[in-house]
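The values are calculated or read from the model by the stated rules, or taken from the named source; none is laboratory data. Since we're looking at a predicted model, the values are computed, not measured. Cβ atoms come from the backbone with ideal geometry, glycine included; neighbour counts cover every protein chain shown. To get the accessible areas, we keep the full protein, side chains included, count just its heavy atoms, and leave off ligands, DNA and RNA. Shrake-Rupley method; radii C 1.70, N 1.55, O 1.52, S 1.80 Å.
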Amino acid sequence: MEALNNYKPERVLYYFEEICKIPHGSSNTKQISDYLVSFARSHDLKHMQDDWNNVLIKKPGTPGYEKAPTIILQGHMDMVCAKDPKVIHDFTKDPLHLTVTEDGYIKAEGTTLGGDDGIAIAYGLALLESSDIPHPPLEVLFTVDEEIGLLGADSFDCSVLKGKRMINLDSEEEGSIWVSCAGGLSMDSLLPVHRMKETGLQVEIVLSGLTGGHSGAEIDKNRANANKLMGEFLFRLKEQMAFGIADLYGGEKDNAISRNAGAILLIDEDDHEDLYAFASRFQDRINTEYAGTDENITVSINSNGLQTRDILLPVSAEKVIFYLIHVPYGIVKMSGTIPGLVETSMNPGVMSLNCDAFRMTCSVRSSLNQAKEDLKDKVIYLTEFLGGECRIYGSYPAWQYRKDSPLRDKMVSVYEDLYHNRPNVVAIHAGLECGLFYEKIDGLDCVSIGPNMKDIHTPGEALEIASVERVWEYLKKCLKELKS
């Protein structure tokens, strides 16, 4: 493809393309962190890199802005790593292969793009290298491992920051100013299982073709979850025939709606045709059920002949299926005070089965901390009822709406001057690092903005070039107006 810096804004897209050459999945951020440090050194900017690989780069205010209140610009450097099943790509070492669509979107071939939140890094670096953009003193903070529990933001020592005004660059909807978000946590449900040897016809059931999406931003879109569908498939199948479960798998990230799932079963040879007929009926039913959101779900069956495998004992199989049927998915409650806002939700994101345990990794979100805890406790109760245990990690607070926000008011005013209409000032259900910083920095005034992106956390992720330019112009105008 042609270089992205042939499009506007050149330096922003130049840095975005550079970032895409560097592997930067969650828990693999050392290389991108070192790149940011090298950038700061080459531009003679004060900087620090902490033990977690978070990077802070400081730049003085431009002439006339030296004494203006400091602005914190913030985004995260890690990306969700997901790919189409047939794509060969090693996220630990391979660069992303970018393409520009005819309608002006940047995509990666067969993988996630990392526009969430690589575009924040690109905006930040373009500002830091600039010599002709008026701005107050800047503290540009790039955090790590946001996608797996906001770990970098949680660990960062905010005492090194002077700013009390923060612009987070991790939203995906131009024309919206985000002013609050849900809190959340990740949890693993672990069910012990026992096995026995059995011989039968080995078949692999694969559910694919689901839309997927971000478990916060798209949880209200009625999209199917492959892990839950696999549980339903097995629950209904046991009404038709006997089978043994040798393996189960599904999903890639707890904060992504699962697009694929599979099961390896042993069945009686005489049931082979009945299995195909059942799978066909199931496929027709779920495509009807999810018409408009997931219209291309396929249920495929691959037969591997007679095999002897270690399969789950009947009691273990029943417990796994019971869990899959009863673990919550989707909207648990809508907000009673903000129309259209999801208050509490649950996403069973990653499913696996090893020799002695079934594991499901889930993402819990809520705007209310008590509701988050209540939902977590329900999943713990379900898991412990089945003889298992839960591990809780990556908990982060909700970002509460601030009634009085001079920063929000100024950014609304600038938007109205530029575009002659009012931006959407909204609360969202997705999680942002703003909540952690709001708790850690006394008196913090914070908003979140960003360009249009779609299908984040999936291989269909796309970033609109024209929107990148418009948000760039808006951001520059905001910084120019934030002189006091």
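Sorted on the mean count of surrounding Cβ atoms within 10 Å across their residues, most packed first, peptides 363-376, 139-152, 314-327 read 139-152, 363-376, 314-327. Extension gain, Lys483 to Ile331, is 50.5 nm, computed as 0.36 nm per intervening residue step minus the present C-alpha separation.
Of the listed residues Asp51, Asp404, the order by accessible area with a 1.4 Å probe, largest first, is Asp51, Asp404.
Taking 7 Å steps out from each Cα toward its Cβ at Lys8 and Asp377 produces label points 5.7 nm apart. Counting only heavy atoms of the protein chains and using a 1.4 Å probe, Asp284 has close to 90 Å² of accessible surface. When nucleic acids and ligands are ignored and a 1.4 Å probe is applied, Met334 ends up with an accessible area of around 80 Å².
Each residue, Phe385 and Ser352, gets one label point 7 Å from its Cα in the Cβ direction; the gap between the two is 2.7 nm. The convex hull around the C-alpha trace of the stretch 1-92, projected and averaged over every direction, spans 8.3 square nanometres. Taken along its three principal axes, the alpha carbon spread of the stretch 208-263 comes to 39, 19, 16 Å, from the longest extent down to the shortest.
Between Glu232 and Asp50, the simple label model (points 7 Å from Cα in the Cβ direction) yields a spacing of 4.3 nm. Just so you know, the Rg over Rh for the stretch 240-336 is 1.00, from Cα atoms, with Rh as the Kirkwood radius.
For the listed peptides 114-122, 339-347, a ranking on the average number of other beta carbons within 10 Å per residue, highest first, reads 114-122, 339-347.
Label reach from Tyr393 (point 7 Å along Cα→C-beta): in the stretch 188-204, amide nitrogens under 16 Å belong to 188-191.
Straight-line cross-link partners of Lys197 among the aspartates and glutamates, defined as a Cα under 16 Å from its Cα and at least 8 positions apart when in the same chain: Asp247, Asp268, Asp310, Asp356.
Computed over protein heavy atoms with a 1.4 Å probe, the accessible surface of the chain works out to 41 Å² per residue. The stretch between Glu204 and Glu289 holds 28.2 nm of extra length on full extension. This uses 0.36 nm per residue minus the Cα-Cα distance. Structural descriptor for the stretch 88-160: relative contact order 13 percent, calculated from alpha carbon pairs under 8 angstrom and at least 6 residues apart. The ellipsoid equivalent to the alpha-carbon distribution of the chain has semi-axes of 44, 23, 20 angstrom, derived from the gyration tensor eigenvalues as √(5λ) and listed largest first. If eta is 1.002 mPa s and T is 20 °C, what Stokes-Einstein diffusion coefficient results for the stretch 353-484, Kirkwood Rh from Cα pairs, in µm²/s? So the translational diffusion coefficient is about 116 µm²/s.
Sorting Ser42, Ser395, Ser189 by accessible area puts them as Ser42, Ser395, Ser189; the probe is 1.4 Å, largest comes first, and only protein heavy atoms count. Per residue, the average separation of C-alpha pairs within less than 8 Å and at least 6 apart gives the chain a relative contact order of 23 percent.
Helix 226-237 versus the longest principal axis of the chain: what angle, 0 to 90°, nearest 10, using Cα atoms? It is inclined by approximately 10 degrees.
Only protein atoms count toward the accessible area here, which uses a 1.4 Å probe; on the chain, the carbon and sulfur part of that area reaches 48 percent.
Shown is the FRET efficiency for Asp157 and Glu239, computed with R0 = 60 Å from the Cβ-Cβ distance and rounded to the nearest 0.05: 0.60.
Projection of the Cα convex hull of the stretch 60-110, averaged over all directions and equal to a quarter of that hull's surface, yields 6.8 nm². For the stretch 136-258, the Cα-based Rg and Dmax, in that order, read 21.7, 71 Å.
So which aspartates and glutamates can Lys410 reach, going by Cα to Cα under 16 Å and dropping same-chain residues fewer than 8 places off? Of all the aspartates and glutamates, those that pass the test against Lys410 - Cα under 16 Å, at least 8 places apart if same chain - are Asp445, Glu473, Glu481.
Percent of C-alpha pairs per 5 Å bin in the stretch 173-322, short distances first: 2, 8, 17, 19, 17, 14, 10, 5, 3, 2, 2, 1. With respect to the cross-link table entries Lys21/Lys86; Lys46/Lys403; Lys59/Lys164; Lys378/Lys440, which display a Cα-Cα separation exceeding 27 Å? As for pairs spanning more than 27 Å Cα to Cα, those are Lys46/Lys403; Lys378/Lys440.
Distance check, please: which entries in Lys253/Lys476; Lys333/Lys376; Lys253/Lys376 exceed 25 angstrom between their Cα atoms? Listed pairs above 25 Å: Lys253/Lys476.
Full extension of the segment from Ser303 to Ser27, taken as 0.36 nm per residue of separation minus the current Cα-Cα distance, would add 95.7 nm.
Please tell me which of these pairs span more than 30 angstrom C-alpha to C-alpha: Lys221/Lys480; Lys319/Lys372; Lys107/Lys477? Over 30 Å Cα-Cα: Lys221/Lys480.
Computed FRET efficiency, Cβ-Cβ of Thr101 and Lys67, R0 51 Å: what is it to the nearest 0.05? It comes out at approximately 0.65. Rg ratio for the stretch 323-380: its Cα radius of gyration over 2.2 N^0.38 Å, N being its residue count, equals 1.28. Cα centroids of the stretch 321-365 and the stretch 194-215: 19 Å apart.
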